[in-house]
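Each value in this text was obtained by applying a stated rule to the coordinates, not by laboratory testing. Here the structure is a predicted model, which means the values were calculated and not measured. Cβ atoms come from the backbone with ideal geometry, glycine included; neighbour counts cover every protein chain shown.
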Amino acid sequence: MKRRASTPGFAFALTLAFTCTFSRAWAKPVVKARPEAGAYLEEMEKRGLVDKTLGTPQRLAAEVQAADDELVAGNAALAAARLYAIVEGPRYQDLSDSEDFQDAEYRLGIALHRGGGSSSARRYLGRSLQRGSKAPFYEAALRGYIDVCLDERNLPVCVQELDRLGAEDQRAEIAYLRGRAAFEAGQGDEAEDELAHVGPTSRFYSSALYLRGVLRVKHGVSKKAAGALSASDAFCAIADVKAGDSLRFYIDGRYYALRDLARLALGRLAHEEGRYDDAFYHYFLIPQDSNRLAEALFEAAWSSLQRREFDLGARLVEEFLKAFPRSPKTAEARLLFATLQVKTCRFVEAEKGFGQFLTVHEPLIAAIDKALADPSTRSALALRLLARDANAPAPAPSPSGDPTAEDRIAEQLEVDGRFFRLQALTRGLRAEALDAGHVERAWSGLSARIAGTPVQSSQGGLLDPAALVTHTEELGAEAARLRASLRKKTGPDADAARKSLEDFEARRRELSATLSRTLDMDALEETNRERGATGLAPLVHADSEHAAQLKARVAALNERLERASGELIRQALIDLRGHLDDLLRRARLGKIDAVVGQKRKLERQIEDLAAGRFPPEMFGKLHIEGLIRDDEEYWPPEKEIWLDEYENYK
């Protein structure tokens, strides 16, 4: 997207698109304590800056087409500004029942969604829904509304809004939304009842089937009960689409991901039920380009172990380690490989593998405990997780060339999916914070032009938010410096540094709370009510004050997002520590098994030799040695064709 122009007029046009969150949904906006963007259009109409008589059907159609071109080109902000002038401005209100106006209303919701304004998008898509199911854009608006809700993951609120709007569920999309909300809330019976209404004509049919299968598994029932859908039936219906049955599902990008999930679920069900051949069959059908291939390879190796096909399992593990060296299952795969070597009587290699696993992973327990106590280490882990999720190159190795403890922890850490969503929000906030200064200058300049005098933003008796942000950032930097120095200190010096760090953290939390209180808009709204002025000047002045607080509000929200992300990292570290304890226990037992197996193997060889029998593994070697004299030396046969003979053959 292009950068904003430096002129206040363009900043004003863009702000119309993103301040529409405060406009009322079903009536013409009026000036309230917190100014609405629609109030600007009303005031400009009063001043004669907007001519209501210019709104012709031809002009409306041309404006909608221009906005659609902006939307197709990826300029969601410009499209939203243009569409908002149509929908909320006075020029086209006499044409509000025309198809072009309803098209603009629907496309405004889509533009706001693409621009990140989910709440505003739901507001305008809801206006399209309120027109009734006979409206030309009703079905498209309902699809868009459902997509916004699924992206926003605020399903209960969306369900309540749709009930209030009286939306008609023509293709069982609202039923899926209700079922999904009940599923995420842990209400299994309600979810099953709603998802059962999603039929083959719905684009969510495959998703509903998958969730119903998961519900059956969660309830501990995988086989078909009387008159009920079994988990296997649900997953098979998604994964095994027969030839000529291509219209069963709405085929889009989501279907193929669901198909792989369903196939993986069938393999897991078969594995849990002891049908290891069936499990291997399902894992084998996961395609090479699937995002679930790593899980399929790893679990297929476990099924091979249960099927007693140890060599095949070892080859699958080797393929897994080669293709997915940064997978969270890498440590467990190495342990599985050593276990398979025990099963094939390769006791020396197995003992070495178990020993190497213990050497590498035992120090990780202390490293995890350190990360749990050190926020800066958790922040570094978060960056590594984001790089892994984006398939970025691995960080540079340590000077010794071996991965560090932090590298191995990041490799095995499995964090809740909400972490990546929070980080995406944080990245968006940081990007918007870079533009905060420009927005503030644009509004201040516009306010000065409207009033004819320089405009100064005042906070009355409140603290200066910018100063609070600066002070909070300084405390954060000092705390980071103390954390770095704390690693190098021991004894009384470390205790003193730790006490200083705690003091800095406490002060930073206190300032963050003060900043949140300072950003309370009630004081500003009360000032606007007391002012009681009308016209463009008070509107622009109030928005200028809002813009002045933008950076501080972004900083406060960013602080909350970072705390939530840190808590998810902390919980993932706790889970990883428990998992590592279990793996280390299994590795110690496996090493004992390898030593005992090697001892028993030697005993069997001695017993065979004492009984005059050659052990099978020694027969070939002793046979060759028995055919040569003491002064002869055995040389293995050489290949008749050497590779260098074929260099540069063509």
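Can you give me the Cα centroid spacing of the stretch 134-211 and the stretch 561-596 in angstrom? Going from one Cα centre to the other spans 38 Å.
Computed from backbone phi, the HN-Hα couplings of the stretch 365-380 come to 4, 5, 5, 5, 4, 5, 5, 5, 9, 10, x, 5, 5, 5, 5, 5 Hz, rounded to whole numbers (Karplus: 6.51 cos²θ - 1.76 cosθ + 1.60, θ = phi - 60°; Gly and Pro given as x).
As a proxy for reagent exposure, Ile574, Ile174 were ordered by neighbouring Cβ count within 10 angstrom, fewest first; the result is Ile574, Ile174. Where in the stretch 325-342 does the amide nitrogen come within less than 11 Å of the point 7 Å from the Cα of Gln605, taken along Cα to Cβ? So the set is empty, nothing qualifies. In this simple spin-label approximation, Thr404 and Arg585 carry label points 7 Å from Cα along the Cα→Cβ vector, and these lie 3.1 nm apart. Karplus-derived 3J(HN,Hα) values for the stretch 146-157, using 6.51 cos²θ - 1.76 cosθ + 1.60 with θ = phi - 60°, are 4, 5, 4, 5, 5, 5, 6, 6, 10, 5, x, 5 Hz; glycine and proline are entered as x. Taking amide H positions as modeled 1.01 Å from N, with prolines and chain starts lacking one, no residue 5 or more places away or on another chain lies under 5 Å from Arg292.
For Gln160 and Glu319, what does the FRET efficiency come to when R0 = 45 Å and r is the distance between their Cβ atoms, rounded to the nearest 0.05? Using R0 = 45 Å, I get an efficiency of 0.35.
In terms of packing, defined here as the mean over residues of other Cβ atoms within 10 angstrom, the peptides 257-270, 358-371 line up highest first as 257-270, 358-371. Taking the fewest neighbouring Cβ atoms within 10 Å as the starting point, the ordered list for Tyr256, Tyr145, Tyr210, Tyr124 is Tyr256, Tyr210, Tyr145, Tyr124.
Rounded to the nearest 0.05, the FRET efficiency derived from the C-beta distance between Gln170 and Ala66 at R0 = 30 Å is 0.45. Could you calculate the FRET efficiency of Arg143 with Asp278 from 1/(1 + (r/R0)^6), where r is the beta carbon distance between them and R0 is 56 Å, rounded to 0.05? Taking R0 as 56 Å, the efficiency between Arg143 and Asp278 is 0.90. The ranking of Asp608, Asp582 from fewest to most other beta carbons within 10 Å of each one's beta carbon is Asp582, Asp608.
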